[in-house]
Each structure stands twice: as structure tokens, then as C-alpha cells.
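Undergrad: Structure below; questions to follow.
The values are calculated or read from the model by the stated rules, or taken from the named source; none is laboratory data. If you're wondering where the values come from, they're calculated on a predicted model, not measured in any experiment. Cβ coordinates were reconstructed from backbone atoms using ideal geometry, including for glycine residues, and neighbour counts include every protein chain displayed. Please note that ligands, DNA and RNA were not included when accessible areas were found on the heavy atoms of the full protein model with its side chains. Shrake-Rupley method; radii C 1.70, N 1.55, O 1.52, S 1.80 Å.
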2 protein chains.
Amino acid sequence: MGTTHRTLHNRVLAVLGPAIAAGEYACGHAFTLSGLEQEFGVSRTVAREAVRVLESMGLVVSRPRTGIRVRPQRDWSVFDPQLIRWRLAGSARMDQLRSLNELRAAVEPGAAALAAERGPADERAQLVVLAEQMTLTGRAGKLDTFMDLDVTFHRRILELSGNEMLSGLSDVVTEVLVGRTSYDLMPRQPRPEALRLHTAVAQAIRDGLPDVAEAAMRAIVTEVSDALKGTHPSQR
Amino acid sequence: MGTTHRTLHNRVLAVLGPAIAAGEYACGHAFTLSGLEQEFGVSRTVAREAVRVLESMGLVVSRPRTGIRVRPQRDWSVFDPQLIRWRLAGSARMDQLRSLNELRAAVEPGAAALAAERGPADERAQLVVLAEQMTLTGRAGKLDTFMDLDVTFHRRILELSGNEMLSGLSDVVTEVLVGRTSYDLMPRQPRPEALRLHTAVAQAIRDGLPDVAEAAMRAIVTEVSDALKGTHPSQR
DNA sequence: CGGGAATGATTGATAACACTATTGGTGGTG
DNA sequence: CACCACCAATAGTGTTATCAATCATTCCCG
């Protein structure tokens with residue numbers, strides 16, 4: 001789960017990436033390869049490979065005579081898992097969490113509907129079991145295991161959607177749920193209403209009722225976003 | 001809008017990327033650097049830079065002694081714009097279009113709600129004008145300009161959501177809408193109901209009514225997915 | 001027959017150099 | 001004075017050669 005394996009250009013990336021992602025270098029800022037060589041004490045080749053990766057993520061553009069320029073945020077590949085991790089690790093963590101949470105809120109109802117429509121029957125049934133476990137551990141106040149169950153619950157639904165892009169968001173959802181608890185944005189004890197809704201989603205998916213599943217899931221995510229209300233990220 | 005500028009490793013990528021994305025190389029297939037050097041007639045450095053980019057997209061993993069192995073699809077960064085383009089260009093185009101369309105169907109209602117909540121008032125008002133133009137050109141049967149308007153309509157809403165990740169999907173939506181017409185998945189003439197719904201979405205967003213906007217947008221996307229019904233991509 | 005060390009294939013990393021594109025200045029010209 | 005063509009400095013781009021680190025395989029020894 002740690003980044004890719006310990007190679008030199010990855011270590012350069014691990015410093016340069018987060019720095020750029022955090023906005024430490026203004027939009028037009030220009031690096032030079034030789035500058036990077038010196039700053040990190042690496043060979044030109046390594047510096048170039050790091051830049052290539054940053055370029056493929058849209059963070060920078062590299063042109064002769066001009067150097068390596070930081071591109072405007074609008075051009076970044078905001079869905080790149082690496083970039084998401086960098087931003088979650090940096091000072092923009094809170095903003096990134098909010099973005100991800102909104103994305104998740106927008107996506108999960110639709111995913112639940114798809115899961116109800118076309119997930120394999122046995123796996124759909126499993127969801128109900130998961131929801132029951134959530135209710136139990138939630139009432140017992142075991143927050144840690146509750147969070148784990150919550151994560152797998154939402155992951156499963158995304159995977160059951162049968163859509164590669166939606167299931168590609170499961171890591172994102174995990175980050176959000178984990179990050180939320182670590183930031184104490186969760187109530188001490190899961191709200192009974194939330195528990196009930198999770199069960200409702202599970203049952204609707206099991207019973208193959210897309211509309212019901214979608215509505216119940218929407219209720220879950222709107223409840224969450226209500227809890228975070230009032231904290232809209234500055235436009236920038 | 002062509003890929004990045006004409007550099008050698010990009011030309012290698014432009015061949016290798018689509019090939020892997022199209023599944024021409026099985027999951028565990030192993031390349032070697034010297035093999036790539038010869039196949040493309042490039043130096044080791046260039047070959048490695050191409051591999052670095054593929055690696056950062058999760059398409060391959062490069063390890064000593066083992067070579068460069070193709071990773072399972074599950075690990076690919078399916079949101080990487082470059083990868084999306086490659087798949088749209090290749091034989092998986094239809095599958096990719098379906099995935100994207102489902103994603104869009106899942107996302108847009110939520111995006112419309114956010115746009116209604118917090119988009120700048122003047123830009124929200126612009127949407128109504130856009131919807132009117134759509135109605136006019138739609139009724140007139142000018143399909144080309146209608147598609148352009150449709151694209152900007154949906155793009156605007158994503159951008160108005162004020163969420164960087166949602167607006168990051170605007171290119172995706174564009175691809176879907178354009179691809180759909182080029183595949184004749186659109187009716188000869190936009191359906192009156194669809195036109196009415198677009199206007200409803202625009203008005204709701206202008207008037208700051210998230211729930212109404214969300215419902216109307218959901219009606220739009222479900223109508224579309226009903227039209228594509230029955231063609232679910234084969235698993236894997 | 002099993003476990004661990006030798007082996008060699010393959011990537012990882014460095015260095016030095018030639019090529020090329022871009023840009024910004026410079027000078028000439030209308 | 002404005003504008004255009006040209007030139008040169010500058011950085012990335014691409015090549016080659018060489019060595020180091022790694023790890024799947026293999027083979028030998030207990």
C-alpha cells in the first residue's frame with residue numbers, strides 16, 4: 001500500500017510531488033533539470049524520469065529553453081491516485097477531503113442503483129450481513145471496527161456496480177471514510193438513523209430495487225454532507 | 001488538443017499505451033527494455049521514460065530481473081485522461097464509452113445539485129439561455145450545433161459545481177457525448193422530453209433549487225441509459 | 001529431498017556528449 | 001518609430017557506455 005517500490009526517482013517524486021501539489025510553487029514557476037539534479041543530488045536521468053511522471057499527471061510541462069513549468073491546477077489529473085495521496089498528505093488535506101467527499105456523495109447513489117441492478121445475487125446478499133454487523137458494532141460503540149465495516153460496505157457496493165470506473169473510486173471512498181474519523185468529523189457513536197439507512201440500502205440492493213437503493217444511499221450521503229455544511233473551500 | 005508535444009518517448013507511448021490498453025498483451029506479459037529499444041529503435045533512456053509513465057498509470061510494473069510486466073486491469077488508473085483516450089481510440093472503445101456513460105449518469109445529478117447550491121448567480125442564469133438555444137437548434141434539427149451546445153451545457157454544470165474533481169470530469173462527459181453521436185446512439189432529432197428536461201435543469205439551477213435540479217438531471221441520464229439498455233459489457 | 005548459496009539476466013543509476021528547439025535580443029529596414 | 005529577420009545563448013532531448021543493485025533460477029550440499 002506504500003508508494004511504488006523504493007527507487008531513486010520515486011524518492012524525488014515523493015518530495016517534489018507533494019510540494020507542487022501543496023501549491024508551494026506558484027503556477028508559472030520554472031524548474032530546471034540541473035537545478036533538480038543539484039537539489040536532490042541525483043543524476044540527470046533520474047531527475048528526468050521524475051519530471052516525466054509529473055508531466056504525465058499534468059502537474060508540469062517541460063519544454064526546451066523554458067524549463068519545467070508548473071501548470072495551473074485546472075490541468076492537473078485530479079483523479080490520479082498518487083496526486084490524491086500527495087494532497088491528502090499535505091496542507092491541502094482538508095480541501096481534498098471535502099472534494100472527495102462531495103464526489104463520493106454524487107457517485108454513490110448511482111453506484112447503489114447499478115449494484116442492485118446487476119450485482120451477483122450472492123454478493124448482494126452479503127451486504128445485508130455486513131449491514132447487520134455494522135449495526136451491532138455501532139451500537140456497541142466499537143468505532144474502529146465499525147469504520148472498517150463501513151469502508152468495506154461502501155467498497156463492496158462500488159465494486160458490485162460492475163463499472164470499472166466506479167469501482168476505481170473505492171480507494172477514494174476509503175480515504176474519505178478513514179480521513180473523516182481521523183479528523184473527528186464523525187459522531188462519537190454512529191447515529192441510529194444512519195445504521196437504519198445502511199440496512200435499507202443493503203436490503204434494497206439484495207432485493208434488486210435500484211430506485212430504493214439509490215434513494216436510501218442518497219439519504220446517507222446527504223446526512224453526511226449536512227454534517228460538514230458551512231465549510232466550503234475557498235475558491236482560490 | 002493532440003497529446004503532449006512531439007517528443008520521442010511520447011511517440012513510443014502513443015504505440016505502446018494503446019496496445020496495452022486494448023489488451024493486446026495479456027495480464028502477466030513481460031517486456032524487456034532492450035526489447036523495446038530494438039522494437040522502436042530508440043535509446044535506453046527514451047524507452048525507460050516511456051515505461052516510467054506507463055508505470056505511473058498502473059499499466060505495468062518494472063522490476064529487476066523480471067522485466068516490465070503488464071498489471072491486471074483492476075490496478076489501472078482508469079481515470080487517467082491519457083488512458084481514457086487510448087481506450088477510446090482502440091477496440092475497447094465501446095466498453096469504455098459505456099463505462100464513461102454510466103459514470104456520468106451517476107455523477108451529473110449530484111453535480112447539478114451542487115451547481116444550484118453554490119454556482120455564481122450570473123453563470124447559473126446563463127444556463128437557461130443555453131437551454132433555450134438547445135431547444136431551438138434541436139427543433140430545427142441542426143444536430144451538429146445541438147451537440148456542441150449539449151456539451152457546453154453539461155460541462156458548465158460540472159464546472160459550476162465548484163468541485164475540482166467533478167469539473168475534472170468535464171472532458172469525460174465531452175467524450176461521451178461526442179462519441180455517442182458518432183456511434184449513432186442518438187435519435188435523429190432530440191426528443192422533446194429531453195429538451196424540456198434540460199430547460200427544467202437550467203431553471204432549477206438558476207433558481208437555486210438543488211433537489212429539483214438533481215431530479216431533473218436524473219431524469220435526463222436515466223432516459224439515456226434506458227436507450228442504451230441491454231448492452232452490458234462482458235465481465236472482465 | 002529440502003534449503004540455501006552461487007549465478008547471470010535485467011533493471012537501476014551515473015556520466016559525458018551531441019543535437020535541437022525555443023526564445024529573446026539585435027540590428028537592419030520600411 | 002515600429003516591425004521583421006536573423007543570430008546566439010540556453011535549456012531540454014536523445015545517444016552511448018559503463019557499472020551497481022536486485023532477484024528468479026539453478027544447482028549443490030547436507
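Undergrad: Over the Cα atoms of the stretch B:8-75, what is the Rg over Rh ratio if Rh follows Kirkwood?
TA: That ratio is 0.92, to two decimals.
Undergrad: Something else: Based on the alpha-carbon gyration tensor of the stretch B:97-166 and its eigenvalue square roots a ≥ b ≥ c, which shape applies: rounded if a/c is under 1.5, prolate if not and a/b is larger than b/c, or oblate?
TA: It is oblate, given that a/c is not under 1.5 and a/b is not larger than b/c.
Undergrad: Provide a whole-number value for the mean count of partner chain Cβ atoms within 10 Å of the Cβ atoms in peptide B:140-149.
TA: Shielding by partners across B:140-149 averages 0.
Undergrad: Apply the Karplus curve 6.51 cos²θ - 1.76 cosθ + 1.60, θ = phi - 60°, to the phi angles in the stretch B:169-182 and return the couplings in whole Hz, x for Gly and Pro.
TA: 8, 5, 4, 4, 4, 4, 4, 5, 5, 5, x, 5, 5, 5
Undergrad: A further question on this structure: Using DSSP to call loops (not H, G, I, E or B), can you name the GluC sites (Glu not before Pro) in the stretch A:1-45 whose Cβ has at most 13 other Cβ atoms within 10 angstrom?
TA: A:GLU24
Undergrad: From the phi angles alone, apply the Karplus equation (6.51, -1.76, 1.60; θ = phi - 60°) to the stretch A:103-110 and give each ³J(HN,Hα) in whole Hz, x where the residue is Gly or Pro.
TA: Karplus values, whole Hz, x for Gly and Pro: 4, 4, 4, 6, 8, 5, x, x.
Undergrad: OK, next. Picking from A:LEU166, A:LEU33, A:LEU197, which is most flexible by a Gaussian network model of chain A using Cα springs under 10 Å?
TA: Result for chain A, Cα springs under 10 Å: A:LEU33 fluctuates most.
Undergrad: Can you pull out the buried accessible area for chains B and A, both sides counted, probe 1.4 Å, rounded to the nearest 100 Å²?
TA: Using a 1.4 Å probe on protein heavy atoms, the buried area is about 3500 Å².
Undergrad: Then there's this: How tilted is helix A:192-206 with respect to the longest principal axis of chain A? Cα atoms for both, answer in degrees (0 to 90, nearest 10).
TA: Tilt of helix A:192-206: around 90 degrees.
Undergrad: Please work out, to two decimal places, the log10 of the ratio I(q)/I(0) at q = 0.14 Å⁻¹ from a Debye calculation in which every Cα of the stretch B:36-88 carries one identical scatterer.
TA: For the requested q values the scattering log ratios are -0.40.
Undergrad: Taking N as the number of residues in the protein assembly as shown, what is its alpha-carbon radius of gyration divided by 2.2 N^0.38 Å?
TA: After normalising by residue count via 2.2 N^0.38 Å, the value is 1.00.
Undergrad: Please compute, for peptide B:75-86, the average count of beta-carbon atoms on other protein chains lying within 10 Å of each residue's beta-carbon.
TA: For peptide B:75-86, the averaged partner shielding equals 4.
Undergrad: Explain nothing, just the number: dipole magnitude of chain A about its Cα centre with +1 on each Lys and Arg Cβ and -1 on each Asp and Glu Cβ, in debye rounded to the nearest 20.
TA: It works out to roughly 840 debye.
Undergrad: Counting other C-beta atoms within 10 Å, and keeping those with at most 13, which DSSP coil trypsin sites (Lys or Arg not before Pro) do you find in the stretch A:7-87?
TA: Sites meeting the loop and neighbour criteria: A:ARG65.
Undergrad: On to the next question. List, in order, the whole-Hz ³J(HN,Hα) value for each residue of the stretch B:30-37 obtained from phi through the Karplus relation with A = 6.51, B = -1.76, C = 1.60 and θ = phi - 60°; use x for Gly and Pro.
TA: 10, 8, 10, 4, 5, x, 5, 3
Undergrad: P(r) tail for the stretch B:92-227, what percent of Cα pairs lie past 21 Å?
TA: Beyond 21 Å sits 34 percent of the P(r) for the stretch B:92-227.
Undergrad: For chain B, what percent of Cα pairs sit more than 26 Å apart?
TA: Of the Cα pairs, 47 percent sit more than 26 Å apart.
Undergrad: Here is a follow-up. Would you please name the trypsin sites (Lys or Arg not before Pro) within the stretch B:108-181 that are DSSP coil residues with at most 15 other C-beta atoms within 10 Å of their C-beta?
TA: Filter output for the stretch B:108-181: B:LYS142.
Undergrad: Can you tell me which of B:THR137, B:THR145, B:THR66 moves the most in a GNM of chain B? Springs connect C-alpha atoms under 10 Å apart.
TA: The residue with the greatest mean-square fluctuation here is B:THR66.
Undergrad: Which of B:LEU177, A:ILE84, A:SER161 sits closest to the plus end of the dipole of the protein assembly as shown, meaning its Cα is farthest towards the positive end, when Lys and Arg get +1 and Asp and Glu get -1 on the C-beta?
TA: Checking the options against the dipole of the protein assembly as shown, the answer is A:ILE84.
Undergrad: Now, a different point. For the protein assembly as shown, with only Lys/Arg (+1) and Asp/Glu (-1) charged at the beta-carbon, what is the dipole magnitude about the Cα centre, in debye rounded to 20?
TA: 1240 debye
Undergrad: On to the next question. Which whole-number percent is the relative contact order of chain B (Cα, under 8 Å, 6+ apart)?
TA: 20 percent
Undergrad: Per the helix-only calculation at 222 nm, which mean residue ellipticity applies to the protein assembly as shown, given -39500 (n - 2.57) for every DSSP H run of n ≥ 4 and division by its residues, nearest 500 deg cm²/dmol?
TA: Helix contribution divided over all residues of the protein assembly as shown: -21500 deg cm²/dmol.
Undergrad: Compute the angle between helix A:143-160 and the longest alpha-carbon principal axis of chain A, please, reported from 0 to 90 degrees and rounded to the nearest 10.
TA: That helix lies at roughly 90 degrees to the long axis.
Undergrad: Quote to one decimal, in nm, the extra length available between B:GLN189 and B:ASP144 on full extension: 0.36 nm per residue of separation minus the C-alpha distance between them.
TA: Extra length from B:GLN189 to B:ASP144 when fully extended: 15.1 nm.
Undergrad: In the Gaussian network model of chain B, springs joining C-alpha atoms below 10 Å, which of B:ALA115, B:ALA216, B:ALA26 carries the largest mean-square fluctuation?
TA: B:ALA26
Undergrad: To one decimal in nm, how far is A:THR145 from the same spot in the other copies, if labels go 7 Å from Cα toward Cβ? Please give the shortest first.
TA: In nanometres, ordered from closest: 6.5.
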